[in-house]
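These notes concern the structure reproduced below.
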Amino acid sequence: MRLTALAAAFLTVPLAGATPVSAQFYKDKTLTLLINYGAGGNADVEARVYQIHLKKFIPGAPNIIIQHQPGAGGINAINMLGLNVGSKSDGMTLGYFTFSPTPWVSDDPSLRVKLTDFVAVGASRSWAVAYARKDTAPGLARPADIAKATKVFVGGYARPTLHDTRLRMTFELLNVPYTMVTGFQSTAVVNKAMLQNEINVSGSSLPGYQTQAVPQLIDTGVAIPLFQYPVMDGAGRPVGNPQLESQGLQRFDVVYEQAMGKPPSGPKWEAMLLMNNLGSQMQRLMVLPKGSPMEAAEALRQAFQDVAKDPAFATDYFNVTKEKPDIRRAEDVQHMIEQLYKVDPAIKQVVKDSIAEKPGEK
C-alpha cells in the first residue's frame, strides 16, 4: 500500500542542532502568535487559551499577543512568515497555522515557501466529522443512507482547502451526485446555511462540530452525524477517535462498507486518507521561520508540551473546544512535513484533479 511508508510520520526522529534553553531568551520580550485566519474562528479561540497559559511555561515569561493574517485559504500568513514580511527570524513570531496539506501536495503556485524551511515547534491534533440534514432526499435514517442521496449540496470554504477536498472525495467515492457551494467564511456561516436549507451537507473539525454543529443542528433534530474521518496507525491502516466511536460515530470507511458492501479502495481513497491523516495530525501547526534561534525553538517546544499537561490549561481548552489538548512533538511534525514532498505521483494527481474546478460548482 502506498501509504505504509507514511506511517513513519508517527515515529520519533531526533532533531539535529538542539541547544540548551536559555532562561533569559524571552525575558522582557513579546511573542506574537500569527494566525492565518481571521478573528473569531476555531484557531483564534484556541490561540487565546494558549495566550493565557503558555507564558507560564516559557523561560522568561514573555508577553504574548495575537496577530491575524487571513487570506488565500491560510496561505498568505504562511508566505509572510516564511519570507519575513512584517517579522524577523528572531524567535519573536510563531506561526499558529490552521494547516491544509492539499496546496502542498498539489503544488499550488500561490505557495512561495517550503514548509521544510520552517523550524518545527509542534502541532495540535484534532479530528473531523461530516454531518447532513435528515431531509436530504430521499431521507436519512442512518449514516449509510447518505449513499442513496439523489443530490447533495455541500458547504465549503475554498477549493484547495482540506475541508473541501475531503468532502469532494467523499461523495465521489460514494458515487453520490453533489454540488460544492464554496466561499463560506466560518463554521457558523455554514451551519446557518444548513439551517436555512441552502446546503444539506458539510463537515467540521471536532471543536467546531461539538460546540456549534451539535447544539444547532444535531440536538435540534435538523441533521445527523454521518462519520468521522480516520487517520493512520503505524501500519498505514485507518483508525478513528475511540471517544467518538463510543458515541456511535463510526469512521468513514466503516460507513462506506455498510453502504457499499465492500471497503473503500483505490487511489482516491488512499489520497483522502493521506490528506486527512496529515491535516488531522497537524491541524494547528506551530512553526518559526527559517533561521530562528534554537534557544527560541527549544523553549517553545518544551512549553507546548508542558502547557498541555497543565490542569488549568486543559480545563480552559476543553471548555472552549470540547476536546482535550493533543500536542505532537516537533520531531514528529518535522518528519510529517518532509512526507509532503515524497507523496506518490499517482496520489498527487488525484489531489490535483480534485482541486481542479468542475462544471456546476459555485
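Every number here is computed from the coordinates shown, using simple stated rules; none is lab data. Since the model is a prediction, treat every value here as computed from it, not as a measurement. Here the Cβ positions follow ideal geometry from the backbone for every residue, glycine too, while neighbour counts run over all protein chains shown.
In terms of the mean number of neighbouring beta-carbon atoms within 10 Å, the peptides 230-239, 252-261 order highest first as 252-261, 230-239. Only Lys, Arg, Asp and Glu carry charge here, each on its Cβ (+1 for the first two, -1 for the last two); on that basis the stretch 128-277 has a dipole of about 220 debye about its Cα centre.
Ordered from longest to shortest, the equivalent ellipsoid semi-axes for the chain are 34, 22, 19 Å, each the square root of 5 times a Cα gyration tensor eigenvalue.
On the beta carbon distance between K88 and R48, with R0 = 22 Å, the FRET formula returns roughly 0.35.
Here's the list of lysines a cross-link from K151 could span, going by alpha-carbon distance under 18 Å and ignoring same-chain residues fewer than 8 apart: K134, K358, K362. Relative intensity of the stretch 51-133 on a log10 scale, I(q)/I(0) at q = 0.13, 0.26 Å⁻¹, equals -0.53, -1.48, per a Debye sum over C-alpha point scatterers of equal strength in the absence of solvent.
Residues of the stretch 274-298 with an amide N closer than 20 Å to a point placed 7 Å from the Cα of K309 along the Cα-to-Cβ direction: 297-298. With distances taken between every two different alpha-carbon atoms, the stretch 128-277 has a Kirkwood hydrodynamic radius of 15.2 Å.
For a modelled paramagnetic label at K192, 7 Å from Cα along Cα-to-Cβ, the residues of the stretch 140-155 in reach, with backbone nitrogen under 16 Å, are 155. A Gaussian network model of the chain, with springs between Cα atoms under 10 Å, assigns the largest mean-square fluctuation among D316, D164, D44 to D316. Summary of the geometry: the stretch 231-295 and the stretch 83-139, compared by the centres of their Cα atoms, lie 15 Å apart.
Kirkwood radius for the stretch 300-341, taken over all pairs of different Cα atoms as the inverse mean of 1/r, rounds to 11.5 Å. In the chain, helices alone account for a calculated mean residue ellipticity at 222 nm of -9500 deg cm²/dmol, with every DSSP H run of four or more residues adding -39,500 (n - 2.57).
Remind me, relative contact order of the stretch 34-87 in percent, using alpha carbon pairs under 8 angstrom and six or more residues apart? Relative contact order, the stretch 34-87: 45 percent. Principal-axis analysis of the Cα atoms of the chain puts helix 311-321 at an angle of about 40° to the longest axis. Helix 294-307 versus the longest principal axis of the chain: what is the Cα-based angle in degrees, 0 to 90, to the nearest 10? That works out to roughly 50 degrees.
Modelled spin labels at V113 and M260, positioned 7 Å past Cα toward Cβ, are 3.8 nm from each other.
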